[in-house]
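Novice: My questions all concern the structure below.
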Ligand SMILES: [Zn+2]
C-alpha cells in the first residue's frame, strides 16, 4: 500500500497552503480532471438508477439546523454561526435539511414516490487542526449524497438498490470494502430519544442486510443521531478503518420537517428518508483510489492516459500532432520531448501513465506508434488509428484491462 499524500504530490493532484488553512486542500488541474471523471461516473450511474440531481447552497440559517436536530445533537462538529444583518448562518454539516426543504417545496403524491434527490455538494466539519492530513480528514467535504423520499413499504427495496449501486461502483473503481457495519445507537445524548423509532428503523436495515447476503457486524454507538446506518468500511495502509459509503434509514427528520405525501386513500402520510452515499466524499474516495492503485489508475480514471515520446527532436512535431488527435478523440494525452531527458528517463517518469506511444523515425514516416503499456507489455508498432481506436474503446468501457489481445481467427 502507498501513502496518498506522497502520490498526490508526485502526480500533482492536490495541495494545501497555510494561508488557506489545514484540512482545506485545493485541487490542481490533474486532480480536478480525476475528480470530474469520478463525478461524471457517479452522476451517470445515478441518472440510470432513477435519481434526479439538484443544487443547493452550502449555508443555511441556524433555525434550519435547530429544526433538523443537528443543533441539538451535532453542534460540536459544526462551524460556529456567522452573524449577517441580525440573522445567523451556518456552514452546513450535511445536505439532508436542504433536500427535505426541496421535498417540502410543493405538495407530493404517492405517485411521485420513491423520489430520489441527489447532489454532489459541499458540507463542512469543524475538525481541529491537529487531526487533519491529506484528503482523509478535511474541513470542507464534497459529498456524493442523495436522499430517497419513499413510503415505509418502499424503504427496504430502496436501501437494497443503494447497496447494489455501491457494489457495482466498487467493482468499476477497483476498490474493496473491509467490512459492512450495521451502525446502531449507543448510550449518551448523541441520539434522538425515541425507542420505537430506533427499533423500527433498525429492524428494516437488518432485514436489508440479511437479504443481501453480505456478512456484517453490528456496532453500537456508530449510528447517525437520527437513525441507524449501514456503513461500508475501507482501510488505509496502516489498517485504520473509515466509512466510505453509507445507507441510512431516517424516520426522524421527515417528522421534524412535517413531510407528507397524499396516499392512494387521499389522506396525508409521512414519507421515510433513505440517506445514501455510493462513493462517499470526493476527498476520501481519491485518497482510497490512490492508495489502492498506487497511483496506477484504471485507464478511464487516469488524469493522463497517454504519453507520446518522440525518440529525437525530428519526431517532435509528429508527436504534437498525435497529442492533438488524442485530445480531439476525448483522450487525455501529453508529449514528453527530449528536453525531459533520455527516452529511458522519460519512460520512467511516466511510469503511472497507462499508455506510452514511442515515436521513432520509422513510426513517424509510416503513421505508426510503438505502444508500450505501463505494466511492461509491448504490443509493438501499430498503425496510429488502430492504437487510438482500441485505447478509446478500453477507456469508454471503463475497462480495468488496458489492452486485450486481438482474437485469433
Ligand atoms: Zn442525509
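The values are calculated or read from the model by the stated rules, or taken from the named source; none is laboratory data. Here the structure is a predicted model, which means the values were calculated and not measured. Positions of Cβ are backbone-derived with ideal geometry, glycine not excepted, and every protein chain shown enters the neighbour counts.
Novice: Can you tell me which residues in segment 1-23 are touching a residue at least 12 places away in the same chain (Cβ under 8 Å) and loosely packed, with under 15 Cβ neighbours inside 10 Å?
Specialist: Hits for segment 1-23 are 1, 10, 12, 15, 21.
Novice: All but one of (1) in contact with a helix residue (DSSP H, G or I) (Cβ under 8 Å, 6 or more places away or on another chain); (2) surrounded by fewer than 21 Cβ atoms within 10 Å (Cβ to Cβ) hold for residue 219; which doesn't?
Specialist: Single failed check for residue 219: (1).
Novice: Quick test for you: out of 207, 188, pick the one residue that is more than 30 Å from residue 292 (Cα to Cα), at pLDDT 95 or above and out of contact with any strand residue (DSSP E or B) (no Cβ under 6 Å at 6 or more places or on another chain).
Specialist: Of the residues listed, the single one that is more than 30 Å from residue 292 (Cα to Cα), at pLDDT 95 or above and out of contact with any strand residue (DSSP E or B) (no Cβ under 6 Å at 6 or more places or on another chain) is 207.
Novice: Output the residues belonging to segment 346-364 that are closer than 18 Å to residue 321 by Cα and out of contact with any helix residue (DSSP H, G or I) (no Cβ under 9 Å at 6 or more places or on another chain).
Specialist: 362 - this is the single residue of segment 346-364 that is closer than 18 Å to residue 321 by Cα and out of contact with any helix residue (DSSP H, G or I) (no Cβ under 9 Å at 6 or more places or on another chain).
Novice: Could you go through segment 82-105 and let me know if any residue there is touching a residue at least 40 places away in the same chain (Cβ under 8 Å), away from the ligand (no atom under 16 Å from the Cβ) and either in the same structural domain as residue 127 (by TED's automatic domain parsing) or touching a helix residue (DSSP H, G or I) at 6+ places or on another chain (Cβ under 7 Å) (or both).
Specialist: Checked against the condition, which is being touching a residue at least 40 places away in the same chain (Cβ under 8 Å), away from the ligand (no atom under 16 Å from the Cβ) and either in the same structural domain as residue 127 (by TED's automatic domain parsing) or touching a helix residue (DSSP H, G or I) at 6+ places or on another chain (Cβ under 7 Å) (or both), segment 82-105 yields no hits at all.
Novice: Report whether or not residue 287 is assigned to a helix (DSSP H, G or I) and under 25 Å from residue 109 (Cβ atoms).
Specialist: Here the answer is no, as residue 287 does not meet what is asked.
Novice: Then there is this: Across segment 81-103, what is the number of residues that are surrounded by fewer than 18 Cβ atoms within 10 Å (Cβ to Cβ) and closer than 22 Å to residue 192 by Cα?
Specialist: 1
Novice: What's the total number of residues in segment 1-34 that are closer than 14 Å to residue 135 by Cα and in contact with a strand residue (DSSP E or B) (Cβ under 8 Å, 6 or more places away or on another chain)?
Specialist: 15
Novice: If you go through segment 360-382 one residue at a time, do you hit one that is under 23 Å from residue 31 (Cα atoms), under 31 Å from the mean Cα position of the chain (by Cα) and crowded, with 20+ Cβ neighbours inside 10 Å?
Specialist: no
Novice: If you scan segment 121-159, which residues turn out to be within 22 Å of the chain's Cα centre (by Cα), crowded, with 16+ Cβ neighbours inside 10 Å and away from the ligand (no atom under 16 Å from the Cβ)?
Specialist: Correct list: 132, 134, 135, 136, 137, 138, 139, 140.
Novice: Could we say that residue 298 is in contact with a helix residue (DSSP H, G or I) (Cβ under 8 Å, 6 or more places away or on another chain), assigned by TED's automatic domain parsing to the domain that holds residue 167 and part of a loop (DSSP other than H, G, I, E, B) here?
Specialist: Judged against the criteria, residue 298 is not a match.
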